[in-house]
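The next block holds one structure in the form of structure tokens; read it before the comments.
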Amino acid sequence: MTIKLALIGAGRIAKVHAKAIAASPDAKLVAVTDALPAAAEALALETGSKASDADAIAADRAVDAVLICTPTDTHADLIEKFAKAGKHVFCEKPVDLDLGRAEEVVSIAKKAGVKLMLGFNRRYDPNFAGVRAAIDEGRIGAVEMVTITSRDPGAPDISYAARSGGIFRDMTIHDLDMARFMLGEEPVVVSAHASVLVKPELKEIGDCDSATVILETASGKQAVITNSRRATYGYDQRVEVHGSLGVALAENYHENTVVIGGADGYRSAPLQNFFMTRYTASYAGEIAEFISALKHGREPATTGEDGVMALKLANACVESVRTGKRVAI
């Protein structure tokens, strides 16, 4: 059985997913649509699929599933459209910026009997998955504390930031999902602190660029997340899980693994500087998971419910910063 897929959106991430589909023996890209027809036509030509439009894809019985790779404020409506048309859906995070709307479309997909997978790609990173495997194998004992460092090389432009929902719903949301993944328990209390240290213009739109979050579970486990929109040394992505018997670490990716030693010490290559490069394997992994879930008729590893929970946590971060208090989930 070959899973026939359509791309909704033909931008940067859609092109990455198109490559992952092409690499799968179990799937085929059959259609592409985009708000810019020329972009859809170019990607369709490159991939041997056809340029189409959303209505035609929804009506096409040959299309089994869609991958939504469009701006955040279009996600919920597109999920609803294609779920009601009987198409399985992969969607980039978040489901929506409004929690009620996110919960609504997740329910719509469930009632329609279709699979809904959220693009929390970092769970599919080989190193982060390796840390989770070490936990599952009991190699570090019971998880007690999780530390997540996530720092971007630079702040986004204001036009993007204004539509993103802010740092907690755009950037931290990945780390909130990762914290859930590593803790193995749902956080019940959130406290967050945020400031503008990098790009003053962000303050004018109610956003920030530097944040720290503490998550607590009912059993007392803790996760600490630190975010910054400025890392002059490269794309900084690290995870540490401390357990009763030891610790598991996932360190940064460098441009190469060469280390040169001399009288002045040791020098290594710079960190990778772009998220698309750092997470190449994870993007391929999440599409492979989506295809596998459809092929075997099971739920994907990251579901619409995961998207809702991550958004709840992100909203709690916003509320904690606003009030200066710990927020119960």
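Every number here is computed from the coordinates shown, using simple stated rules; none is lab data. From a predicted model like this one, the values you see are computed outputs, not experimental measurements. When we count neighbours, we look across all protein chains shown, and the Cβ atoms used for this are built from the backbone with ideal geometry, even at glycine.
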In sequence order, calculated HN-Hα J values of segment 112-128 (Karplus, 6.51, -1.76, 1.60; Hz; x Gly/Pro) | 6, x, 10, 7, 10, 10, 9, x, 8, 4, 5, 5, 9, 5, x, 6, 5
Most mobile of Ala231, Ala40, Ala218 in a GNM of the chain (Cα contacts under 10 Å) | Ala218
By the scheme Lys and Arg +1, Asp and Glu -1, what is the net charge of all other residues having a beta-carbon under 15 Å from that of Asp170?
-> -3
Connecting every pair of Cα atoms under 10 Å apart in the chain and solving the GNM, the largest mean-square fluctuation among Ala263, Ala23, Ala51 falls on Ala263
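So, counting K/R as plus one and D/E as minus one, what does the shell of residues with Cβ under 12 Å around Cys91 add up to? Mind dumping the intermediate values first?
Values: positive: Lys81, Lys87, Lys93, Lys115; negative: Asp77, Glu80, Glu92, Asp96, Glu286, Asp306.
Cβ neighbours under 12 Å give a net charge of -2.
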Specify which residue in the list Leu313, Ala112, Ile68 is farthest towards the positive end of the charge dipole of the chain, using unit charges on the beta carbon of Lys, Arg (+1) and Asp, Glu (-1), about the Cα centre.
-> Ala112
In whole angstrom, how far apart do the alpha carbon centroids of segment 15-81 and segment 87-138 sit?
-> 19
Karplus couplings for segment 182-190 from phi (6.51 cos²θ - 1.76 cosθ + 1.60, θ = phi - 60°), rounded to Hz, Gly and Pro as x?
-> 7, 5, x, 9, 7, x, 10, 9, 10
Labelled set (i) 141; (ii) 122; (iii) 156; volume of the Cα convex hull per residue in Å³ computed from this model equals the value at (iii)
May I ask you to compute the full-extension gain from Glu201 to Asp60, defined as 0.36 nm times their residue separation minus their alpha-carbon distance, rounded to one decimal in nm?
-> 46.3 nm
Using the structure shown, select from Lys93/Lys295; Lys93/Lys312; Lys84/Lys110; Lys87/Lys295; Lys28/Lys87; Lys81/Lys312 the pairs with a Cα to Cα distance greater than 19 angstrom.
-> Lys93/Lys295; Lys81/Lys312
For n ≥ 4 DSSP H runs only, could you compute -39500 (n - 2.57) per run for the chain, divide by its residues and tell me the 222 nm figure to the nearest 500?
-> -11500 deg cm²/dmol
Can you grab the distance from the C-alpha centre of segment 165-220 to the C-alpha centre of segment 237-276, Å, no decimals?
-> 23
Which loop-located chymotrypsin sites (Phe, Trp or Tyr not before Pro) does segment 233-329 contain, where loop means any DSSP state but H, G, I, E or B and the Cβ has at most 16 other Cβ atoms within 10 Å?
-> Tyr233, Phe274
Cut-off 19 Å, label 7 Å out along Cα→Cβ of Thr232, residues of segment 118-160 by amide N | 150-156
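Taking the Cα centre of the chain as origin and charging only Cβ (+1 Lys, Arg; -1 Asp, Glu), how large is the dipole, in debye to the nearest 20?
On the way: 37 positive and 43 negative charges, 58 e Å.
Dipole magnitude for the chain comes out near 280 debye.
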In Hz, Karplus ³J(HN,Hα) per residue of segment 59-70 (6.51, -1.76, 1.60; θ = phi - 60°; x = Gly, Pro) | 8, 7, 5, 6, 8, 7, 7, 10, 10, 8, 10, 10
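Just to verify a number: FRET efficiency for Thr323 and Val247, C-beta to C-beta distance, R0 = 30 Å, to 0.05? Don't jump to the answer; show the numbers that get you there.
Numbers: r = 34 Å, r/R0 = 1.12.
E between Thr323 and Val247, to the nearest 0.05, is 0.35.
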Cα centre as origin, Lys/Arg/Asp/Glu Cβ charges: segment 3-114 dipole, Debye = 400
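Which loop trypsin sites (Lys or Arg not before Pro) in segment 21-120, with loop taken from DSSP, have no more than 15 other Cβ atoms within 10 angstrom of their Cβ?
Arg61
How would segment 197-327 be classified by its alpha-carbon gyration tensor: rounded, prolate or oblate, with rounded meaning a/c under 1.5 and the a/b versus b/c comparison settling the rest?
Numbers: a/c = 1.58, a/b = 1.14, b/c = 1.38.
Since a/c reaches 1.5 but b/c is at least a/b, the shape of segment 197-327 is classed as oblate.
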